[in-house]
Amino acid sequence: MAGNMGEIPHISKGNFPMERSRGMGHFPHMQKKTLDAFVRGLQIVMEAEGIKMKPLSVAAGMGESGVRDLIRNESSPKVANAYALARELGRTVDEIIQIGMTGDLNARPAHAPIAVAGCVGAGARVDLLDAYEKGDGMYHVARPPQLKPHGIVAVEVKGESMMPLYRPGSVLFYTRAAAEGVPVEALNTPCVCEDADGRAWLKVVKVGSQEGTFSLLSLNPDADNMHGVRLKWAAPVLLTLSPDYVERVYV
């Protein structure tokens, strides 16, 4: 089985390339109809690759009869179990759903993956690096259907200063214009930002006491805040995936 396939890094230059990130709930596409298609796709993949039910169930943390019960009872899996099974098969949930809907083992979801360009510091000091070509980065993740297909950047959280909302290993999505600066919509909200020293941060951005400076505030009450910081740019966080729901995709 492919239990370690998701650990292979490979994916963005120019967007936010940096140092080498069950809170989301249910995605809109994870309703009963598509969960049933997931089970059909699961059967197709298992049969094609010679994967047995019991070892897969145990590897996915479902107990010895988890997969057998899904198939025998024609029942829909919990979303968390669907993600665990997909990870063990080295595929995304959307891939398996598409296989179940089409019967085609090579079917791919319509949502193009997004490159995770690097890490952003939530307490940890992360230097902004220019290590990847555009469209490449640490790894790719499946694009959540809520997001537009173009202009989206993803980064992984490093550090605990924005706990409990942003856990280490979470993946954040944001977009920003080519122009530098801090737009009005970035104030008083969690943002991905770059300071004048080239470090990348995840913080709540507020106007500072001195002209041209900002305060970067933490959500974790035990973490330090930063004041008098000069920023090159800041972009509000559009969406967050907790580590449990991060699907690594091969491209």
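A few points about this structure:
- Of the strands (runs of 3 or more DSSP E) lying entirely inside segment 155-251, the ones with 3 or more residues being closer than 28 Å to Ala60 by Cβ are found at 171-174, 239-241.
- Among the residues of segment 153-163, none qualifies, meaning not one is in contact with a helix residue (DSSP H, G or I) (Cβ under 6 Å, 6 or more places away or on another chain), on the phi > 0 side of the Ramachandran plot and of a type outside the set (Val, Ile, Thr).
Residues checked against (1) under 23 Å from Gly198 (Cα atoms); (2) at pLDDT 85 or above:
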position	(1), (2)
Ala122	yes, no
Val126	yes, no
Tyr132	yes, no
Asp136	yes, no
Pro149	no, no
Glu160	yes, yes
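- When Ser161, Ser218, Ser170 are checked against the criterion of being small (Gly, Ala, Ser), open to solvent by less than 30 Å² (accessible area, probe 1.4 Å), under 30 Å from Leu89 (Cβ atoms) and touching a Ser or Thr at 6+ places or on another chain (Cβ under 7 Å), Ser170 stands alone in meeting it.
- Scanning segment 181-215 for residues that are among the small types (Gly, Ala, Ser), more than 24 Å from the chain's Cα centre (by Cα) and surrounded by fewer than 17 Cβ atoms within 10 Å (Cβ to Cβ) yields a count of 5.
- Residue check, Lys232 open to solvent by less than 20 Å² (accessible area, probe 1.4 Å), under 27 Å from Lys148 (Cβ atoms) and among the charged types (D, E, K, R): no
The values are calculated or read from the model by the stated rules, or taken from the named source; none is laboratory data. What you see is a predicted model; the values in this text were computed from it and never measured. Virtual Cβ from ideal backbone geometry, glycine too; neighbours counted across all protein chains shown. Just so you know, the surface numbers come from the protein's heavy atoms only, side chains and all, with ligands and any DNA or RNA stripped out. Shrake-Rupley method; radii C 1.70, N 1.55, O 1.52, S 1.80 Å.
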